[in-house]
Amino acid sequence: MTSDQGWEPVALYGGDGPQWRGVSPRLATARSVVVSAVCLLLLVAAVALWAALSSPWFLVAAVVVVVAWPWLLWLVRRQVAAISWAEQAEELVVRRGRLRRTLVSVPYGRLQLADMESGPLARHFGLANVQIHTASPHSGGSIPGLPVAEAEALRARLTERGESQRAGL
């Protein structure tokens, strides 16, 4: 379904519109590793300080970490599942968030650069992020947690579409 102006309507909450694609579930695993490492470090520090200083507040902190840890792991999985993106005829649309939903639409003609990055943990899980840059620092977007081959192909498509759309200006 297209409007009179030639663009497709994009729903913030789903429904009719573009074909949304989710990011890799391995992103949730990678982010869970980070959350678990931080929680483990906090737990070890709290227990060590409780043992050294005999203050009950450090024991309370350890209990808070133990209670929060599973909730944080659940939250990471929910957040990653809420990230999706769609390539349309005139723009790339990225949608994320459960409570505070955001929708970023980047017209191909405004796209100046599409970067791909992958840190050590992301490389371990075979993931990469695609960062989209426009002339304005307030526009653009990123798609985290794509398999490397898919990220490379998307970056190439975005660059090609951006060049062809700008050529028509």
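The values are calculated or read from the model by the stated rules, or taken from the named source; none is laboratory data. The shown structure was predicted, so the numbers you read here are calculated from the model rather than taken from an experiment. Backbone-built Cβ (ideal geometry, glycine too); neighbour counts: all protein chains shown. Surface areas here come from the heavy atoms of the whole protein model, side chains and all, with no ligands, DNA or RNA. Shrake-Rupley method; radii C 1.70, N 1.55, O 1.52, S 1.80 Å.
Kindly list the number of the only condition in (1) at pLDDT below 90; (2) hydrophobic (A, V, I, L, M, F, W, C); (3) surrounded by 14 or more Cβ atoms within 10 Å (Cβ to Cβ) that fails for ALA89.
Exception for ALA89: condition (3).
Out of LEU99, LEU113, report the one residue that is in a strand (DSSP E or B), of a type in the set (A, V, I, L, M, F, W, C) and open to solvent by 70 Å² or more (accessible area, probe 1.4 Å). Outline the logic, then answer.
Details: LEU99 fails: in a strand (DSSP E or B).
Sole residue among the options that is in a strand (DSSP E or B), of a type in the set (A, V, I, L, M, F, W, C) and open to solvent by 70 Å² or more (accessible area, probe 1.4 Å): LEU113.
Restricting to the range 116-169, count the residues that are over 20 Å from GLN79 (Cβ atoms), in a strand (DSSP E or B) and acidic (Asp, Glu).
So the answer is 0.
With the requirement that a residue be part of a strand (DSSP E or B) and either surrounded by fewer than 16 Cβ atoms within 10 Å (Cβ to Cβ) or more than 13 Å from the chain's Cα centre (by Cα) (or both), what does the range 61-86 give you? Steps first, please.
Taking the range 61-86 as the starting set, the residues that turn out to be part of a strand (DSSP E or B) are 84-86.
Selection gives ALA86 alone.
When the range 109-134 is examined, which residues are found to be among the charged types (D, E, K, R) and over 13 Å from ARG157 (Cα atoms)? Don't jump to the end; show me each part of the working.
The initial filter retains those residues of the range 109-134 that are among the charged types (D, E, K, R), namely 110, 115, 117, 123.
Within the range 109-134, ARG110, GLU117, ARG123 meet the criteria.
Within the range 6-54, take every residue that is modelled with pLDDT of 95 or more and outside any helix (DSSP H, G or I) and give me the one that is most open to solvent (accessible area, probe 1.4 Å).
Looking at residues that are modelled with pLDDT of 95 or more and outside any helix (DSSP H, G or I), I get PRO25.
Tally time: how many residues in the range 131-148 are open to solvent by 40 Å² or more (accessible area, probe 1.4 Å) and more than 13 Å from the chain's Cα centre (by Cα)? Let's see the steps before the verdict.
Filtering the range 131-148 for residues open to solvent by 40 Å² or more (accessible area, probe 1.4 Å) gives 131, 133, 135, 137-139, 148.
Still in the running and more than 13 Å from the chain's Cα centre (by Cα): 133, 135, 137-139, 148.
Total satisfying the criteria: 6.
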